[in-house]
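Working notes, structure below.
The values are calculated or read from the model by the stated rules, or taken from the named source; none is laboratory data. From a predicted model like this one, the values you see are computed outputs, not experimental measurements. Cβ placement follows ideal geometry from the backbone for every residue including glycine, while neighbour counts extend to all protein chains displayed. To get the accessible areas, we keep the full protein, side chains included, count just its heavy atoms, and leave off ligands, DNA and RNA. Shrake-Rupley method; radii C 1.70, N 1.55, O 1.52, S 1.80 Å.
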Amino acid sequence: MTQAHAERAHALLSASGADRWINCPPSARLTENIPDTRSEYANEGTAAHELSELILRRRITPCNSKERLRLDKAVSQFQKSNSYYGFEMNDAVADYVEIVEERFMAAKARTADAIVLLEERLDLTEWVPDAFGTGDVILIADGVLEIIDLKYGKGVPVSAIDNPQIRLYALGAWHAYGFLYDIQEIHMTIVQPRLDSVSTDIMSIDELLAWAETTVKPAATLAYAGEGEYLSGSHCKWCKVKATCRARADANMEAISHEFQDPALMTLEEVGSILHIAEQLKAWAKDVEDYAFEQAKAGHSVQGWKLVEGRSNRAIIDKDIARKTFEAATIELDKYLKPRELLGIGELEKQIGKKELSGLIGDLIFKPPGKPVLVPEIDKRPELNSVEQDFAGEDFG
Ligand code: SF4
């Protein structure tokens with residue numbers, strides 16, 4: 001892991017935390033002394049960024065033969081020695097690189113002078129005190145500045161639409177290059193290859209600057225000073241005090257105490273609002289439970305609760321001896337061995353590679369329609385209209 005990638009600076013008001021501190025400015029100072037716990041997922045993401053940069057430098061930036069050789073060696077060294085590297089990372093990075101190359105080609109088609117910049121450190125201090133960010137890819141061509149961000153994770157889908165983090169990167173890129181090039185339009189793209197997701201938001205530079213002045217600057221000033229109102233919401237998901245925050249607890253308790261009027265049975269409209277509250281409460285309950293568990297494991301007493309041994313299953317101490325014993329007793333194989341079966345598609349992709357798998361058995365893979373699920377209105381999937389039209393002939397059993 002290179003220093004540059006591993007040490008992407010985390011200022012008090014980091015771009016990655018912007019959704020949180022813009023919505024809840026005092027969260028910044030409240031959490032500033034709580035150490036970051038760097039997860040395996042974050043390390044894996046850092047490795048994917050490192051590999052992507054090497055490949056993109058080799059493929060789309062001008063380099064002489066000596067530099068090409070150096071980059072080729074660096075890629076093969078990475079593939080040999082990086083513990084996170086495997087088919088899955090190889091495929092995801094290849095998909096991302098392909099998308100960046102396509103965007104760069106499109107930029108070059110608009111003007112031969114298209115510029116590409118990789119891993120640029122971006123100064124955001126014009127709007128956010130002490131803040132810097134890193135732009136994975138910046139393309140500038142014909143009045144358009146495009147910023148592309150790789151999200152390697154697949155746990156939480158991330159969209160570029162209304163995304164404060166990528167908007168801040170775009171501001172930083174405009175700040176660095178806006179005086180050299182006449183930039184009118186900003187394209188912000190997030191590629192999340194392991195979810196097959198590419199999303200782009202487009203704003204004029206005037207709209208972006210207006211957002212920076214009216215939303216970012218006031219929130220950043222409050223956040224830096226440790227002032228402003230606590231506000232809970234979906235942004236709490238990444239907050240370091242999400243389990244113990246009183247404002248979040250108060251908001252959730254208030255939501256529970258909502259009283260419905262007569263008649264005795266709730267309307268579907270009321271059921272709809274309860275479902276929203278239930279989602280919020282489930283997430284909060286899980287955060288509090290995880291926190292209490294960690295505290296109890298660390299030896300702290302959580303009033304009214306205790307740590308006990310969980311249930312466990314019996315296990316065979318030595319499977320080789322057990323197997324030989326069954327053989328000696330001439331027990332039929334299928335009475336003590338599991339049948340061998342194919343791995344699931346996700347695991348096959350991991351082991352064999354997405355493209356390789358598709359080449360081998362692509363025509364044997366099909367995706368059946370999913371079971372109907374109830375989701376909030378804002379979900380991007382099209383609505384299933386009626387039982388008669390959409391569920392006709394489907395067996396969801
Ligand atoms: S948990 Fe939510 S409400 Fe509480 S400080 Fe963090 S972001 Fe603000």
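Of all the accessible heavy-atom surface of the range 319-364, with the other protein chains kept in place and a 1.4 Å probe, what percent is carbon and sulfur?
The value for the range 319-364 is 57 percent carbon and sulfur by accessible area.
Please list, ordered by chain and number, the residues whose modelled amide H lies under 5 Å from the amide H of LEU122; skip anything fewer than 5 residues away on the same chain.
Close amide H contacts, sequence-distant or interchain: GLY133, THR134, GLY135.
Can you sort TRP305, TRP127, TRP174 by solvent-accessible area, 1.4 Å probe, largest first?
Numbers: TRP305 205, TRP127 15, TRP174 65 Å².
I get TRP305, TRP174, TRP127, largest accessible area first.
To one decimal place, what Kirkwood hydrodynamic radius in Å is obtained for the range 284-323 from all pairs of distinct Cα atoms?
When all Cα pairs of the range 284-323 are included, the Kirkwood radius is 13.0 Å.
For the chain, what is the calculated [θ] at 222 nm in deg cm²/dmol (nearest 500), taking -39500 (n - 2.57) for each run of four or more DSSP H residues and dividing by its residue count?
It comes out at -14000 deg cm²/dmol, rounded to the nearest 500.
Just how much of VAL271 is accessible, in Å², when a 1.4 Å probe is used and the result is rounded to the nearest 10?
Its accessible surface works out to 50 Å², give or take rounding.
Looking at the range 319-364, how many pairs of lysines come closer than 24 Å at the Cα, when each pair is eight or more places apart or spans two chains?
On the way: LYS319/LYS335; LYS319/LYS338; LYS324/LYS335; LYS324/LYS338; LYS338/LYS350.
The number of close lysine pairs in the range 319-364 is 5.
Top to bottom by accessible area (1.4 Å), largest first, where do GLU349, GLU146, GLU44 land?
Putting GLU349, GLU146, GLU44 in descending order of accessible area: GLU349, GLU44, GLU146.
Relative contact order (percent) for the chain, with alpha-carbon contacts under 8 angstrom and 6 or more residues of separation?
The normalised contact order for the chain reaches 18 percent.
Which order do TYR181, TYR230 take when ranked by solvent-accessible area (1.4 Å probe, heavy atoms of all protein chains), largest first?
Heavy-atom accessible area, descending, gives TYR230, TYR181.
For the range 5-225, what is the accessible area per residue in Å², given a 1.4 Å probe and the full set of protein chains? Walk me through the numbers on the way to the answer.
Numbers: 10260 Å² over 221 residues.
Normalised by residue count, the accessible surface of the range 5-225 is 46 Å².
Kirkwood Rh over Cα pairs of the range 319-364 into Stokes-Einstein at 20 °C, 1.002 mPa s: D in µm²/s?
D, rounded to a whole number, is 162 µm²/s.
Please report Rg over Rh for the range 5-225, where both radii come from the alpha carbon positions and Rh follows the Kirkwood definition.
That ratio is 0.97, to two decimals.
Between their Cα atoms, which of LYS286/LYS306; LYS242/LYS286; LYS154/LYS217; LYS286/LYS371; LYS237/LYS282 are more than 21 Å away from each other?
On the way: LYS286/LYS306 17 Å; LYS242/LYS286 10 Å; LYS154/LYS217 31 Å; LYS286/LYS371 25 Å; LYS237/LYS282 12 Å.
Violating the 21 Å limit, Cα to Cα: LYS154/LYS217; LYS286/LYS371.
When every alpha-carbon pair in the range 126-185 is counted, what percent end up more than 16 Å apart? Intermediate values should be presented prior to the final figure.
On the way: 856 of 1770 pairs.
Roughly 48 percent, rounded to a whole number.
Sort out for me the Cα centre separation of the range 163-240 from the range 115-141, rounded to whole Å.
Cα centroid to Cα centroid, the span is 11 Å.
Could you report the accessible area of LEU222 in Å², rounded to 10, computed with a 1.4 Å probe on the protein chains as they sit in the structure?
70
Give, to the nearest whole percent, the P(r) tail of the chain beyond 29 angstrom, counting all Cα pairs.
Tail of P(r) above 29 Å: 61 percent of Cα pairs.
Under a plain spin-label model, where a point goes 7 Å from the Cα along Cα-to-Cβ, how far apart in nm are SER65 and GLU207?
That separation, rounded to one decimal, is 4.9 nm.
With every protein chain left in place and a probe of 1.4 Å, what is the accessible surface of SER16, to the nearest 10 Å²?
70
Ignoring ligands, DNA and RNA, what accessible area per residue does the range 268-389 give at 1.4 Å, in Å²?
I get 96 Å² per residue for the range 268-389.
Once each part is reduced to its C-alpha centroid, what is the distance from the range 86-101 to the range 268-292 in angstrom?
Cα centres, the range 86-101 to the range 268-292: 36 Å.
Considering only ASP149, ASP287, ASP320, give the residue with the highest GNM mean-square fluctuation for the chain, with springs between Cα atoms whenever their separation is below 10 Å.
Residue with maximal mean-square fluctuation among ASP149, ASP287, ASP320: ASP320.
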